[in-house]
Amino acid sequence: MLNVDLHCHSIISDGTLAPAALAARAKANGVDVWALTDHDEVSGIGEARAAARGLDLRFVAGVEISITWAGQTVHIVGLGIDEHCAALTQGLAGIRDGRTARGQAIAAQLADVGIHDAFAGALKYADNAKLIGRTHFARYIVELGLVGNISDVFRHFLVAGKPGYLPHRWASLEQSVSWIRAAGGRAVIAHPGRYQLEPLAFDALLDTFVQLGGEGIEVVTGSHTPDQYGLYAKVAKQSGLLASRGSDFHGPAESRADLGSLPPLPAGVTPVWHDWVG
Ligand code: AMP
Ligand code: MN
Ligand code: MN
Ligand code: MN
């Protein structure tokens, strides 16, 4: 069975490895088909594709788009995209624009609880300053020794109701799916088990996503428990969605799942890659 990993991050967004290093790690871990899916940015794809080619590793160009749905942040992965498509690149540029001001507002909130200079501190971890985000702040908070690791940061800071969080308007669902489709890609709902949506809002997300031409949903991801693999396999079948598998790897020191390390998809679902690879 093919080892397919269709979700991970490089230093272009909030990962800690360069695209070429991720390709090498995927290959070393036995991955056969690999996608790079940086947040809201496609500029790592050229390096990733070239590195994958040199390793005889099958590559899928991807992106993970931040959207707002029912007042919450949801992520939509695009797979098999043409990263040069203007509708996609211009749309992504629009989302990235808001990150600097948001980062400054996060830093101001952290200053109120005694964590000073957090914008500069987070920036040290953001190779791509335009993509500054909560993971970079989390690394700085760990550096200060306030909590032991990134997961603990997200229990005490940077989430709703805690210091360093503010609601943010990302793209709409409709925009994200239309950009991905314009770029010839397949839209996939990322890590559905992570959202705190009311059941009605989640059902509406699925319905609207399908109506807009969305095609897949992540079933096996580093963000899901084994129980959730089964639950979202059922959701995929009921909604007529293709199933995806991806580690959501961000770096060796931080991620729950390494590239290519997760179990295969449950039986009975149609893999999102079913018509790409034999
Ligand atoms: P942002 O795009 O700035 O809102 O940051 C979102 C990123 O923060 C996600 O892509 C994850 O990398 C990270 N993140 C969010 N929640 C958690 C969590 N509970 N544990 C670890 N990382 C998280
Ligand atoms: Mn991330
Ligand atoms: Mn995500
Ligand atoms: Mn991700």
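Data table
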{"read-out": "Interchain or long-range residues, amide H under 5 Å from A35's placed H", "value": "D5, L6, H7, V60"}
{"read-out": "Relative contact order %, the chain, counting alpha carbon pairs below 8 Å whose residues are six or more apart", "value": "20"}
{"read-out": "Residues A253 and Y165, FRET efficiency given R0 of 22 Å [Cβ-Cβ distance, rounded to 0.05]", "value": "0.40"}
{"read-out": "Distance between modelled label sites at A93 and Q211, nm, 7 Å Cα→Cβ extension", "value": "3.2"}
{"read-out": "³J(HN,Hα) computed for each position of segment 197-211 - Karplus, 6.51 cos²θ - 1.76 cosθ + 1.60, integer Hz, glycine/proline x", "value": "7, 4, x, 5, 5, 5, 4, 5, 4, 4, 4, 5, 4, 5, 4"}
{"read-out": "Computed lengthening from A267 to A108, 0.36 nm per intervening residue step minus Cα-Cα distance", "value": "52.4 nm"}
{"read-out": "Inter-site label distance for E174 and D82 at 7 Å from Cα along Cβ, in nm", "value": "2.4"}
{"read-out": "17 Å Cα-Cα reach of K234 towards aspartates and glutamates, excluding residues that sit fewer than 8 places from it in its own chain", "value": "D203, D207, E215, E218"}
{"read-out": "Segment 184-278, relative contact order [Cα under 8 Å, separation at least 6], %", "value": "27"}
{"read-out": "Label point at V277 placed 7 Å out along Cα→Cβ; residues across segment 1-39 whose backbone nitrogen lies under 17 Å", "value": "1-9, 22-37"}
{"read-out": "Charge dipole of the chain about the Cα centre (unit charges at C-beta), most positive-ward option of G184, G30, P199", "value": "G30"}
{"read-out": "Principal semi-axes in Å for segment 1-72 [√(5λ), Cα gyration tensor, largest first]", "value": "23, 13, 10"}
{"read-out": "Integer Hz, Karplus 6.51/-1.76/1.60 couplings in order for segment 56-65, x for Gly and Pro", "value": "6, 10, 6, 10, 10, 6, x, 7, 10, 9"}
{"read-out": "Candidate lysines for bridging to K162, where Cα separation is under 27 Å - those fewer than 8 sequence places away on the same chain excluded", "value": "K124, K130"}
{"read-out": "Förster radius 30 Å - calculated FRET efficiency between A21 and A101 (Cβ-Cβ, nearest 0.05)", "value": "0.45"}
{"read-out": "Dipole magnitude of segment 99-156, debye to nearest 20 (Cβ charges: Lys/Arg +1, Asp/Glu -1, about Cα centre)", "value": "240"}
{"read-out": "The chain, dipole about Cα centre (Lys/Arg Cβ +1, Asp/Glu Cβ -1), debye to the nearest 20", "value": "120"}
{"read-out": "Nearest 10 degrees, 0 to 90: helix 134-143 Cα axis against the chain principal axis", "value": "50"}
{"read-out": "The chain: angle of helix 226-239 to the longest principal axis, Cα-based, in degrees nearest 10", "value": "60"}
{"read-out": "Approximate spin-label separation R194-K130, in nm, with each point projected 7 Å along Cα-to-Cβ", "value": "2.2"}
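All of the numbers you see were taken from the coordinates with simple rules; none came from a lab. Only a predicted model underlies this, so the values are computations on that prediction, with no experimental measurement involved. So basically every Cβ, Gly included, is an ideal-geometry build from the backbone, and we count neighbours across all protein chains shown.
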